[in-house]
Amino acid sequence: MRPLRPCGDARYPSDASRTDAVAMRYLIPGEQAGSVPAGVVVEFVGRHRAGGAAEQFTDIKAAIAKCPGGLGKGQHKWEIVKSDDGFMVVRISQKYSYADEAPATVSTFAAVSRVGEAIVVVTDNGWENSGGDQALVEDLIAKAEKRAEVIG
C-alpha cells in the first residue's frame with residue numbers, strides 16, 4: 001500500500017526519484033469501549049525530485065491496468081472506482097473467509113493523490129472480515145492533501 005503495488009513488490013522506475021517517505025497507522029476505535037477496532041487507516045507520503053511524483057502516479061495507474069488481479073485464492077482484485085487528474089480511488093477486493101464463515105468478498109479502499117512533488121496514499125484496510133470505507137478514505141485524503149501541500 002506504500003505506494004500501491006498491484007503487480008507485486010517489483011519497483012517502479014519512478015521509485016528512484018523518491019527522496020523521502022513516511023507512513024503512519026491509526027486504529028479506528030470500535031463503537032463500544034473494549035470492542036475490537038473498526039478498522040486500520042494508513043497514510044503514506046512520498047516526496048520526489050522534480051517530475052518524479054507525476055511519474056509515480058502514472059506508474060501506479062498503469063500497474064493497476066496491467067495487473068487488475070482477480071478473486072481467486074490468494075488473489076486481490078484492483079479497480080479504479082474514481083479518477084481525476086492526479087487523483088484516484090482504488091477498491092482492492094479479495095475473497096476472505098473468517099473463522100467458520102463462508103467466503104465473502106471484502107474490499108479495502110485506497111485514495112492516491114499527487115500533491116506537487118509528493119504522492120499521498122490513504123487506505124482504510126477495515127478489520128479482520130470487515131472491509132474499508134470509501135467515503136472515509138475520500139474524506140481523509142482531502143485532509144492529507146492539505147498537509148502535504150507544505151512539502152509538495
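At-a-glance table
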{"item": "Residue among 13, 3, 37 that is out of contact with any Lys or Arg (no Cβ under 7 Å at 6 or more places or on another chain), surrounded by 11 or more Cβ atoms within 10 Å (Cβ to Cβ) and modelled with pLDDT of 90 or more", "result": "13"}
{"item": "Candidate set: the range 110-152, residues that are free of Cβ contacts under 8 Å to residues at least 24 places away in the same chain, outside any loop (DSSP other than H, G, I, E, B) and aliphatic (A, V, I, L, M); chosen: the one most open to solvent (accessible area, probe 1.4 Å)", "result": "135"}
{"item": "Inter-residue pairs, beta-carbon under 8 Å, first within 11 Å of residue 55 (Cα to Cα) and in the range 1-21, second open to solvent by less than 60 Å² (accessible area, probe 1.4 Å) and in a strand (DSSP E or B), 6+ apart", "result": "14/48; 17/48; 18/46; 18/48"}
{"item": "Matching entry among 64, 80 (being under 19 Å from residue 105 (Cβ atoms) and touching a Phe, Trp or Tyr at 6+ places or on another chain (Cβ under 9 Å))", "result": "64"}
{"item": "Any hit, the range 20-32, residues being farther than 21 Å from residue 128 by Cβ, assigned to a loop (DSSP other than H, G, I, E, B), open to solvent by 60 Å² or more (accessible area, probe 1.4 Å) and not basic (Lys, Arg)", "result": "no"}
{"item": "Index of the failed condition, residue 74 passing every other in (1) assigned to a strand (DSSP E or B); (2) of a type outside the set (Phe, Trp, Tyr); (3) surrounded by fewer than 18 Cβ atoms within 10 Å (Cβ to Cβ)", "result": "(1)"}
{"item": "Where residue 65 falls short, out of the listed (1) modelled with pLDDT of 95 or more; (2) surrounded by 13 or more Cβ atoms within 10 Å (Cβ to Cβ)", "result": "(2)"}
{"item": "For residue 60: the one exception among (1) outside any loop (DSSP other than H, G, I, E, B); (2) open to solvent by 30 Å² or more (accessible area, probe 1.4 Å); (3) not small (Gly, Ala, Ser)", "result": "(2)"}
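The values are calculated or read from the model by the stated rules, or taken from the named source; none is laboratory data. Keep in mind that what you see is a predicted model, and the values were worked out from it rather than measured. Methodologically, a virtual Cβ is constructed for each residue, glycine included, from the backbone with ideal geometry; neighbour enumeration extends over all protein chains shown. Just so you know, the surface numbers come from the protein's heavy atoms only, side chains and all, with ligands and any DNA or RNA stripped out. Shrake-Rupley method; radii C 1.70, N 1.55, O 1.52, S 1.80 Å.
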